[in-house]
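Okay, so here's the structure we're looking at.
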2 protein chains.
Amino acid sequence: MSERKLQVIPLGGLGEFGMNSTALRYGDDIIVIDAGMMFPDAELLGVDIVIPDFTYLEENREHVRALILTHGHEDHVGATPFLLAQLNLPVYATAFTRALVERRLEEHEMLSQTRLNTVKPGERIEIGPFQIEFIHVTHSIVSAVALAVTTPLGVIIHTGDFKIDPTPTDNELFDLHTLAAYGKRGVLLLLSDSTNVDRPGYTQSERAVRPRLEEIFTRAGRRLVIACFSSSVHRLQQIIELSAQHGRKVALLGRSMMNVTEIAHSLGLLHIPDGILLRPQDIMPTLANKVTVLISGTQGEPMSALSRVAVDNHKNFSIQAGDTVVLSSRIIPGNEKPIFRMVNHLARRGADVVYGSMNPPVHVSGHGSAEELKLMLNLVRPRFFAPIHGEYRQLAKHAALAQHLRFQGLEDTFILETGETLVLDAKGAHKGGRVTVGRVCIDSGTIDEVVEDMVIRDRRHLSEDGFVLPIIAINKHTGRCEGLPEIVSRGFISSDDGADLLQSAKQVVARTLEQSTAEERTDWGVMQEKIRADLKRFLAKETQRRPLIMPVILEV
Amino acid sequence: MSERKLQVIPLGGLGEFGMNSTALRYGDDIIVIDAGMMFPDAELLGVDIVIPDFTYLEENREHVRALILTHGHEDHVGATPFLLAQLNLPVYATAFTRALVERRLEEHEMLSQTRLNTVKPGERIEIGPFQIEFIHVTHSIVSAVALAVTTPLGVIIHTGDFKIDPTPTDNELFDLHTLAAYGKRGVLLLLSDSTNVDRPGYTQSERAVRPRLEEIFTRAGRRLVIACFSSSVHRLQQIIELSAQHGRKVALLGRSMMNVTEIAHSLGLLHIPDGILLRPQDIMPTLANKVTVLISGTQGEPMSALSRVAVDNHKNFSIQAGDTVVLSSRIIPGNEKPIFRMVNHLARRGADVVYGSMNPPVHVSGHGSAEELKLMLNLVRPRFFAPIHGEYRQLAKHAALAQHLRFQGLEDTFILETGETLVLDAKGAHKGGRVTVGRVCIDSGTIDEVVEDMVIRDRRHLSEDGFVLPIIAINKHTGRCEGLPEIVSRGFISSDDGADLLQSAKQVVARTLEQSTAEERTDWGVMQEKIRADLKRFLAKETQRRPLIMPVILEV
């Protein structure tokens, strides 16, 4: 009986932003919900993406049954190829999510070996002791689902990411009824999205951007260039509809924009009127007031289509004075500088650039604000609650919000961070032990390119003050130093100013060698440390800088 | 007569954020308005601050008469020690601004050699052909002024930074009357702050934070920790007053908080009731609901008092569960991640953390929004207008705003970026030639520590993929390579994974040496290039990384 407990094992995304992944375990059966990535902090130098450490799953590989995906955003699916390379699990996802993941698996040349299954909202599947129902939710991406996971101990609701949009543009309403039914029958545990818990009130409906876009379409006298997240199919639909109404053809620029529209169109999720699409090479020859350009690159990513257009380095399209550029997206914290740099370039070319928070907005969030989170809690009425998807500050606010509601039946609230498990059994719920978790840094997006902490620490050190390498040649027969030490250096001091300094540094190293005892001189480990220490002191005194110093002993 | 023209020479802060500095030249006389610094972009690795390149002033050193400071923020005065080290100009500033600059000059041990002059709002000074009147404006720092510079060709109004606060907490109203009088008599050129041109409406009064702070004081059951910019003397005053009303003593933590309160108090700008101050070491022994802690470090600066408190590493003060922490400040774009990291730590210790934009706010901006900028334009009614203090996108919006007003008398609007001069003469105004400008990167805040572009480029390269140094020992008698080359590397690959790779890399270098002709082998410049190219190709193929490769030839 001791095995008959249910464990919630957060592998990523709790107490941190991004790389969402949570395992559920009942006895010897484990399912994984989402396998997301995060974009690295600037401190992780040279790292392209970060994924969760899946050691726990590796160690339990014979027990892991499946990967279930809630929706297609990168912070929920981006680590899928990396997880599947370690454990070739069957994957369950809605058609659109599956199609996005297929593209990624193709890039990694893994598609043929993987087992993908399409599910529909309302459908139930059984995996070992888990019965999983997919529940349609509204979010900034189409085909997002919450999960109701029925276990022998009770039901767990995992919301995925959601807002409660009463007027979604595709009229596919949030399935409140199914959640209500579960809530009425009794839910053991709710795991709910905390992203926007800081925002009071309700998040505006996706339809709220329509009036602002209409105003922009009406006012624009020349080309209209609109950037949005390519996965925002609802937004793309609105822009295509408005273009049709205003007699504008639509050109798509950027690989992700083309990919996603193709997928969404082929699945019937995006309606593209016949003849409205314009090839990129036809943008410039077409009358300026008859063109909308839908473009990717809202975050100022250096290689994105919009960034290239901003510096007039796109083969098909040049901004001209009087064009209107709209950033129909949020600014992801940390991206302000590249985004504003791009906006400045666009403004220098004479574009009227519309961005940022105005009222009415050109962008609305996909995550529910405080009132929607309360509604979710009221509908589901769980016995236990653990906020997910957020930094600690957000999880703490969300937990406080639930406590504040004081609805009947809520026994306890848990703030879990990645790696802290929650154990549910016949008696109740309590925090369990910790499992191995962490962040795996990936260099250039290929599966082998894991970067070690030590390497990143070195890069950080190098990035601050460069390096100085004293090189000492030792005669292997005599054990004596041959000539004056050499010093090479980069990123430390400019060669003009540095010549004298490095000359003096050579003398410092030579002196350290001279002043060491014969015994010390036979132990090159000791000598390296002495040289490093003396040189470090000298350079810090002369320059206030602390380059990476790495004495090299060369036997010749 | 050809010399009798007036030039506006932006040396910093136009088309970029920070390091504001503008020179005015009439004939052979130059005055400099402000000498600000900027904090570097993350890409400027290892750089602490950035200041304008003052080459233009150096080249005209016999013509430069004075430095005039509008207010004490770092982006207006931070480069003063560096400019004065190059050119020992007399400085004119209000008492508070002067006192802040004195502290900086003291740190650089320059105070005794410099010539500082105190001016008062309403006062006029004459410097060569320029008559300068100091006009009181409201801003987030006390003692801020705009300048009316009367020249033989007409009046230039330089607004400095401003908002038009109808209810400043110190009741020192914005001197609209003087500006109006100048406007009525006729102004040649207006140079006006563009920082908040993106915001519609009016910026809220400093008094708007009072109700929110009152609510927080009323609710707080334990220690109340409030962080704000130490230069926000108005804010400090409000917090001290509220503490007195609520029976709380006030402790100051952080060097800048202590410095500024001391200066403001000694100048009579900050009223501190007798006996209200608490020494830092007395915080913990005092009853928790009787203490307010005023602390510096709103931007998550790693060494600031609040950052240290967040990780429980402050000698005098520990956060306890139930304490309230208020960030009464804006989040400077780019600082989101360190700030949120700090907030997460505070939340983990059980603090209730209040931050971000709520309604009513815990912070208001010091810069005027669109309607205030329009009011400024309407009051001054200049013949020519050039927006200052902002990135290009902001200058462009501000110029469009002025054009849109179409008030009588406005002849032309100029978008100038740093280095682009504006020439005014009897006929009118036009863009003049460019002068040498640029950004000087300073490493550790000392005057000698200028960092060259090349060094920063190397650091960036090093930060991405580290370095690989093949070291080849050459017998200076035979000119032949002695033994197998050595390879040292850091920040490139972990030592476990890398051992085999670097072993293979040695073979690559050895092969390059072998396969070169005898002639090539005598030219070590050529050999270095060949080794670099071959090794680069090999490492890119094996790892997809591009470390900095620097072959070292050692004669032994």
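Restricting to region A:489-539, and then to whatever is facing chain B (nearest Cβ under 10 Å) and in a helix (DSSP H, G or I), can you tell me which residue is nearest to B:ARG460 (Cα to Cα)?
Top of the filtered list is A:SER495.
Restricting attention to region B:309-342, the residues that are within 14 Å of another protein chain (Cβ to nearest Cβ), polar (S, T, N, Q) and touching an Asp or Glu at 6+ places or on another chain (Cβ under 8 Å) total 1. Evaluate the following for A:GLU301: is it away from chain B (no Cβ under 14 Å) and either within 23 Å of the chain's Cα centre (by Cα) or of a type in the set (Asp, Glu) (or both)? Judged against the criteria, A:GLU301 is a match.
Entry remark, region A:163-178: residues being polar (S, T, N, Q) and in contact (Cβ under 8 Å) with a residue 60 or more places away in the chain number 1 in total.
Taking region B:144-157 as the range and being within 13 Å of B:LEU69 (Cβ to Cβ) and in contact with a Pro (Cβ under 8 Å, 6 or more places away or on another chain) as the test, only B:VAL145 passes. Annotation: of all residues in region B:347-366 being at pLDDT 90 or above and facing another protein chain (nearest Cβ under 8 Å), the one that is surrounded by the fewest Cβ atoms within 10 Å (Cβ to Cβ) is B:ARG348. Residues that are assigned to a helix (DSSP H, G or I) and in contact with a Leu (Cβ under 6 Å, 6 or more places away or on another chain) within region A:282-341 comprise A:ALA305, A:ALA310, listed in sequence order. Among the residues of region A:374-401, which ones are away from chain B (no Cβ under 11 Å), under 27 Å from the mean Cα position of the chain (by Cα) and under 19 Å from A:VAL8 (Cβ atoms)? Within region A:374-401, A:MET376, A:LEU377, A:PHE385, A:ALA386, A:PRO387, A:ILE388, A:HIS389, A:HIS398 meet the criteria. The residues in region A:507-547 that are under 48 Å from the mean Cα position of the chain (by Cα), surrounded by 14 or more Cβ atoms within 10 Å (Cβ to Cβ), closer than 28 Å to B:CYS481 by Cβ and modelled with pLDDT under 85 can be counted, and the count is 3. Restricting the first member to region A:294-313 and to residues that are free of Cβ contacts under 8 Å to residues at least 24 places away in the same chain, and the second to residues that are not aromatic (Phe, Trp, Tyr), the beta-carbon pairs closer than 7 Å and six or more apart or on different chains are A:ARG308/A:HIS314. Among the residues of region B:282-303, the ones that are crowded, with 24+ Cβ neighbours inside 10 Å, farther than 16 Å from B:SER318 by Cβ and not hydroxyl-bearing (Ser, Thr, Tyr) come to 1 in all. Against the condition surrounded by 21 or more Cβ atoms within 10 Å (Cβ to Cβ), closer than 25 Å to B:PRO40 by Cα and within 12 Å of chain A (Cβ to nearest Cβ), how does B:LEU306 come out, does it pass? When the stated conditions are applied, B:LEU306 does not pass them.
Determine, yes or no, whether B:ARG279 is at pLDDT 95 or above and surrounded by fewer than 15 Cβ atoms within 10 Å (Cβ to Cβ). So B:ARG279 passes the test. Within region B:209-225, being buried (at least 17 other Cβ atoms within 10 Å of the Cβ), farther than 14 Å from B:ASN289 by Cα and not basic (Lys, Arg) holds for B:VAL209, B:LEU213. For region B:60-70, does any single residue satisfy the condition of being surrounded by fewer than 19 Cβ atoms within 10 Å (Cβ to Cβ) and at positive phi? No: region B:60-70 contains no residue that is surrounded by fewer than 19 Cβ atoms within 10 Å (Cβ to Cβ) and at positive phi.
Just one of (1) of a type in the set (D, E, K, R); (2) under 30 Å from A:THR324 (Cβ atoms); (3) free of Cβ contacts under 8 Å to residues at least 60 places away in the same chain; (4) not assigned by TED's automatic domain parsing to the domain that holds B:GLN238 fails for B:GLU336. It is (4). Would you pick out the residues in region A:139-166 that are out of contact with any His (no Cβ under 9 Å at 6 or more places or on another chain) and within 24 Å of A:ALA95 (Cβ to Cβ)? Within region A:139-166, A:THR150, A:ILE157, A:HIS158, A:ILE164 meet the criteria.
Checked against the criteria, B:ALA251 does not count as modelled with pLDDT of 95 or more and closer than 15 Å to B:PHE96 by Cα.
In region B:456-474, which residue that is more than 8 Å from chain A (Cβ to nearest Cβ) and of a type outside the set (A, V, I, L, M) is surrounded by the most Cβ atoms within 10 Å (Cβ to Cβ)? Checking each candidate, the answer is B:PRO470.
The values are calculated or read from the model by the stated rules, or taken from the named source; none is laboratory data. Remember, predicted model here, so these are calculated numbers, not experimental data. Please note: Cβ atoms are built from the backbone with ideal geometry, for glycine as well, and neighbour counts cover all protein chains shown.
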